[in-house]
Amino acid sequence: MILRDFIIVGSGPAGAAAALQLAGKDVLMIDAGFDAPGVASDFRGSLHRLRCTHSDLFPHLIGDRFESLENIFATNKINLKLKSPYMRYIIEGSQGVAPVRSEEFHGAISLAKGGLANGWGGGAYRFTDRDLERFPISYADLNKYYDLLTDHIGISGRNDDLVPWFHFDPNLQEPIKLSSLAKKFLQRYERNRLLFVGHNVYVGMPRLAVLTREHRGRAPYNYDNLEFFKSRNPAIYTPAYTIDRLIAEGYLDYRSGWLVESFEETDEAVKVRAKNLQTAQSRTFSARKLLLGAGALSTARIVLASRKDYKTCLPVLDNPMSCIFLCNFTHVGQELERSSCSLGQLNIICEGEPGIGTIQITLYTTSGPLRSDIIFDLPLPVVAGRALLKHMSPAILLAVCFHPAAMPATGSIRLGADGALEIEGNSTKLEIAEQKLIGLFRKIGYFSHSSLVQYLPFGSSLHVAGMLPMTERPSRYYECDADGRLGGDGNIHVIDGACFSSLPAKNLTFTIMANAMRIAERALRSL
Amino acid sequence: MDFVGRREGLEREAGFFYRSIFGLDPGPLLLKRYVEAHNQFRFNEKGATIIQKVVQYKLDVVSIEYIMRLRDKDNALTQRFKVLHFLAECQKESSADFIESQADPFRIWLAIVWQAVRTVRCLLLGSYLLRRYDLA
């Protein structure tokens, strides 16, 4: 039996970052590793051009297996960014081998190389000391890794009014080009800054793992606006790029096609039991240390299965989400911008709502998803809804609000005896901040109404975390210490979102990566 | 119903719905996909009789769907409308129905006002038709 120094489970943000930190060491990565499908050669160019010139986009937008229509008939809807035919590989197969049973949960599990981050919006945010209040670590512990990652990935953005929440970063690339509607929003904010600041609301450019100039051989973003339909745009970082590079440079022994089921820790080694997804044969791999980065839900499943624990309920944190449609009537009747993007245009921070904490809002244009995904949510006859969306799209911004989540969690998971994860939870409907923002936006000419606010179900944010939280002194096996060690002892380290102690209102991916690098380095030192 | 009969029934239904929504006849490819979608997915069958009635009497299906959606967003008629919309949105000939390509604020504001009037009409007519033909 070969004894490796490290086994990393999963190739998502946590696994990729840990592998990057341990490059050149004796590391084996075990992963299901579904890869992105090839994209037909005629599906190139901008979404706008394709829609106007391509005679039939059915195979690319809907799919020969009608993949994109499944939401019409499903109770638990698939995230719009994961449902199109070229994006489905991100969540493909998970329900078969890693099933989830839930009526409320709208999240997802990925078995793809690079994980759910293959379909992310690229939000790359550093946590502040306030964000890390409930963690046993501080910003100083993560700073070095954030810097390394910024250099590795390439982050665009600007040091503006949001620096107190996002940190000053001298190495940012220029921010992405804004749509005219978002640009006007920013200009009006700048003219009315005192009004906004008086309400503790601040606006600035998002920090995105999206290149605006070439970086490490990856091309800058080309504004093709295909984020809802095609993954692996070289400009938008996915952990799969890191994995591919490490493999190519000979720094990583990567085994795909394996699903880790459980582990067993002995005095000599950690034994990891995995199932081959093609042959269904089981095999045991051994290492001195195990880094669990399979994605928060899958990591929790592996931990519970390893203890054959079918009773314990673990907490689940999820950022409650809401969406506000904003209309600037002066843009009604304008032509749709041909060169645009579905990435976050602006970030808004809404500070200090009593009992709610800091909220982060990201503004998007509505040019990315299919109109048919939105038309039927409008309280209008279908012909009117379609016409309204067609005429008003150039005038509409979508404000997606992320609320923070902390313990006690509103959700829980348990491992069923049949191996399915049973998830319960509900998303708290917090209306105070939305009301305040609608009032404030109205003053700068962006109109909405409380009846147009949508509160999304539990898990919709895909920011799921907190099952095995880090604490100063773990009091039970299902807690981790500051080094991510399960139960505060031994050689099992949790490196993904499962070890987060709380969820600030920010995309957590960048911090998962920084924390995974930190834990990997600590694990290496204690080897 | 035999296979051919079912297919013809679905094509007839799709044609009627499509004309009501988009104002023209659907192409053969769209009809074929509409039928295939019915083979692929399990549609809400509770509304099958309602749909038969709507097609048989050629009722104002847009108004009826609107009222039914306000009551139950996953009703049988809305499911069929959604499928037709997705299929249409992928085709170049329908792109003008979904994408604004000409800046013309005056025309567009007129269109929006017209749609507001039409919404009120749908609300009243849909409620009436549901009662009159016992479609609820």
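The values are calculated or read from the model by the stated rules, or taken from the named source; none is laboratory data. Bear in mind that the values here come from a model prediction, so they are computed numbers and not experimental data. So basically every Cβ, Gly included, is an ideal-geometry build from the backbone, and we count neighbours across all protein chains shown. These accessible areas exclude ligands, DNA and RNA; they are computed on the full protein's heavy atoms, side chains included. Shrake-Rupley method; radii C 1.70, N 1.55, O 1.52, S 1.80 Å.
Details
- Beta bridges per DSSP with both ends in the protein assembly as shown, % antiparallel, nearest 5: 70
- Three-way shape call for segment A:317-381 based on the alpha-carbon gyration tensor, with the a/c threshold at 1.5: prolate
- Sparsely packed loop sites in segment A:281-383 (the GluC sites (Glu not before Pro) outside DSSP H, G, I, E and B with at most 13 other Cβ atoms within 10 Å) comprise A:Glu335.
- Straight-distance crosslink candidates among lysines, where the alpha carbon sits under 20 Å from A:Lys271 and sequence neighbours closer than 8 are dropped: A:Lys25, A:Lys289, A:Lys308
- Once the C-beta distance of A:Asp160 and A:Ser450 is scaled by a Förster radius of 22 Å, the resulting FRET efficiency is 0.15 to the nearest 0.05.
- Extension gain for the segment A:Glu249 to A:Leu3, taken as residue separation times 0.36 nm less the Cα-Cα distance, is 86.3 nm to one decimal.
- Subtracting the Cα-Cα distance of A:Gln435 and A:Glu174 from 0.36 nm times their residue separation leaves 90.7 nm of extension gain.
- Both chains summed, the buried accessible area for B and A stands near 4200 Å², from protein heavy atoms and a 1.4 Å probe.
- In the context of the full set of protein chains, residues of segment A:150-303 present 42 Å² of accessible surface per residue (probe radius 1.4 Å, heavy atoms only).
- Label-point separation, A:Lys443 to A:Val197 (7 Å along Cα→Cβ), nm: 1.4
- For the peptides A:394-406, B:23-35, the ranking by packing is A:394-406, B:23-35, with the highest mean count of neighbouring Cβ atoms within 10 Å listed first.
- Shape category assigned to segment A:473-526 from the gyration tensor of Cα positions, a/c cut at 1.5: oblate
- Reciprocal mean inverse distance between Cα atoms of the protein assembly as shown - Kirkwood radius, Å: 26.1
- Probing with 1.4 Å while keeping every protein chain in the model, the per residue accessible area of segment A:75-127 equals 31 Å².
- Rounded FRET efficiency, nearest 0.05, which uses the C-beta distance separating A:Glu351 from A:Ser55 and R0 of 51 Å: 0.50
- Overall form of chain B per C-alpha gyration tensor (a/c, 1.5; a/b vs b/c): oblate
- Solvent-accessible area per residue for chain B (1.4 angstrom probe, square angstrom): 53
- Helices in the protein assembly as shown, meaning DSSP H runs of at least 4 residues, each add -39500 (n - 2.57). Divided by all residues, the mean residue ellipticity at 222 nm is -10500 deg cm²/dmol.
- Label point distance in nm, A:Leu148-A:Thr266, each placed 7 Å from Cα along Cα→Cβ: 3.2
- For segment A:365-397, a reduction of at least 50 Å² in accessible area between the chain on its own and the assembled protein chains (probe 1.4 Å) is found at A:Ser372, A:Phe376, A:Pro381, A:Val382, A:Val383, A:Arg386, A:Lys390, A:His391.
- Sites A:Asp42 and B:Ala116 - FRET efficiency at Förster radius 41 Å, r taken between beta-carbons, to 0.05: 0.55
- Exceeding the 19 Å Cα-Cα cut-off - candidates A:Lys230/B:Lys73; A:Lys177/A:Lys443; A:Lys184/A:Lys443; A:Lys390/A:Lys443; A:Lys113/A:Lys275: A:Lys230/B:Lys73; A:Lys177/A:Lys443; A:Lys390/A:Lys443
- In this structure the amide hydrogen of A:Arg207, modeled in the peptide plane, comes within under 5 Å of the amide hydrogens of A:Ala124, none closer than 5 places in sequence on its chain.
- Radius, Kirkwood style, for segment B:64-136 when every pair of distinct Cα atoms is counted (Å): 14.4
- Surface composition of the protein assembly as shown: carbon plus sulfur atoms contribute 51% of the solvent-accessible area (1.4 Å probe, protein chains only, all chains present).
- Rough spin-label spacing in nm, given labels placed 7 Å along Cα→Cβ, for A:Ser475 and A:Lys77: 4.0
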